[in-house]
Amino acid sequence: SQQGEEDPQALSIQEGENATMNCSYKTSINNLQWYRQNSGRGLVHLILIRSNEREKHSGRLRVTLDTSKKSSSLLITASRAADTASYFCGGRLGGFKTIFGAGTRLFVKA
Amino acid sequence: EAQVTQNPRYLITVTGKKLTVTCSQNMNHEYMSWYRQDPGLGLRQIYYSMNVEVTDKGDVPEGYKVSRKEKRNFPLILESPSPNQTSLYFCASSFEGSPGNTIYFGEGSWLTVV
């Protein structure tokens with residue numbers, strides 16, 4: 001399968017803690033992106049990290065990319081109950097297909 | 001407001017009854033695609049289109065058809081739906097002009113085939 005894989009599949013933390021999600025993929029992806037999905041809704045873009053970048057920050061989000069290991073991580077710092085959602089990594093393959101991982105379900109307890 | 005609009009949002013249909021899920025975007029995006037989302041499997045790409053009259057298969061195209069006669073519209077057609085096509089479907093679009101283009105998603109269409 002060319003799909004990405006997120007790890008863990010589910011994560012439950014207390015409000016204020018940090019949440020780390022990992023993503024690995026089997027084929028080379030151009031410019032990996034992270035998305036958030038509230039239950040049953042469409043995905044919303046969070047952050048893009050380009051193939052030549054190693055780390056990127058946006059507010060409470062920190063994304064890293066290791067192209068040699070074909071992996072990325074998303075860190076959400078000081079989590080809030082409103083961060084409860086599913087998080088997906090995804091990107092375009094060398095051609096035109098787009099792939100996404102199965103997602104990590106994050107539950108932040110107030 | 002930038003939008004990807006898909007209809008219907010909810011549909012229950014019977015096996016074999018042809019149906020079309022419409023998708024329209026107002027951002028003049030070249031790239032459009034359809035995904036299905038199933039528990040534990042994430043999003044899987046069904047078909048994508050690079051521009052008008054240019055479409056290609058994604059990872060799970062069997063049982064689906066698409067067309068791209070206008071830039072803004074990309075309908076998904078199920079000629080003879082079967083219960084294994086019960087799923088949550090998303091239409092999405094993005095620009096092609098630069099790498100790492102943000103993908104904009106519709107709100108999803110819940111389809112049940114009985």
Name the strands (runs of 3 or more DSSP E) wholly within the range A:33-84 that hold at least 1 residues that are under 30 Å from B:Ser87 (Cα atoms), within 10 Å of chain B (Cβ to nearest Cβ) and free of Cβ contacts under 8 Å to residues at least 40 places away in the same chain?
-> A:43-49
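Can you tell me how many residues in the range B:25-42 are part of a loop (DSSP other than H, G, I, E, B), within 14 Å of chain A (Cβ to nearest Cβ) and surrounded by fewer than 20 Cβ atoms within 10 Å (Cβ to Cβ)?
Kept after step one, since they are part of a loop (DSSP other than H, G, I, E, B), are these residues of the range B:25-42: B:26-30, B:39-41.
Now narrow it down to the ones that are within 14 Å of chain A (Cβ to nearest Cβ): B:27, B:29-30, B:39-41.
Among the residues that remain, those that are also surrounded by fewer than 20 Cβ atoms within 10 Å (Cβ to Cβ) are: B:27, B:30, B:39-41.
Residues in the range B:25-42 being part of a loop (DSSP other than H, G, I, E, B), within 14 Å of chain A (Cβ to nearest Cβ) and surrounded by fewer than 20 Cβ atoms within 10 Å (Cβ to Cβ): 5 in total.
Test A:Glu6 against the stated conditions and say whether it is out of contact with any helix residue (DSSP H, G or I) (no Cβ under 6 Å at 6 or more places or on another chain), part of a strand (DSSP E or B), touching a residue at least 60 places away in the same chain (Cβ under 8 Å) and not aliphatic (A, V, I, L, M). Steps first, answer last, please.
Details: out of contact with any helix residue (DSSP H, G or I) (no Cβ under 6 Å at 6 or more places or on another chain): yes; part of a strand (DSSP E or B): yes; touching a residue at least 60 places away in the same chain (Cβ under 8 Å): yes; not aliphatic (A, V, I, L, M): yes.
Here the answer is yes, as A:Glu6 does meet what is asked.
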Those residues that are surrounded by 14 or more Cβ atoms within 10 Å (Cβ to Cβ), more than 9 Å from chain A (Cβ to nearest Cβ) and in contact with a Gly (Cβ under 8 Å, 6 or more places away or on another chain), I need them from the range B:56-90; list them, please.
-> B:Leu78, B:Pro81, B:Gln85, B:Tyr89
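Quick one: count up the residues across the range A:96-106 that are of a type outside the set (A, V, I, L, M, F, W, C) and more than 9 Å from chain B (Cβ to nearest Cβ). It would help to see each step written out before you state the result.
Initial filter on the range A:96-106 (of a type outside the set (A, V, I, L, M, F, W, C)): A:97-98, A:101, A:103-105.
Adding the requirement that they be more than 9 Å from chain B (Cβ to nearest Cβ) leaves A:104-105.
Residues in the range A:96-106 being of a type outside the set (A, V, I, L, M, F, W, C) and more than 9 Å from chain B (Cβ to nearest Cβ): 2 in total.
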What is the one condition in (1) part of a loop (DSSP other than H, G, I, E, B); (2) on the phi < 0 side of the Ramachandran plot that B:Gln45 does not satisfy?
-> (1)
Going through the range A:24-41 one residue at a time, which ones are modelled with pLDDT under 90, closer than 22 Å to B:Gly40 by Cβ and under 15 Å from the mean Cα position of the chain (by Cα)?
-> A:Ser24, A:Tyr25, A:Ile29, A:Leu32
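The values are calculated or read from the model by the stated rules, or taken from the named source; none is laboratory data. Just so it is clear, the structure is predicted and the values come from calculations on it, not from any experiment. When we count neighbours, we look across all protein chains shown, and the Cβ atoms used for this are built from the backbone with ideal geometry, even at glycine.
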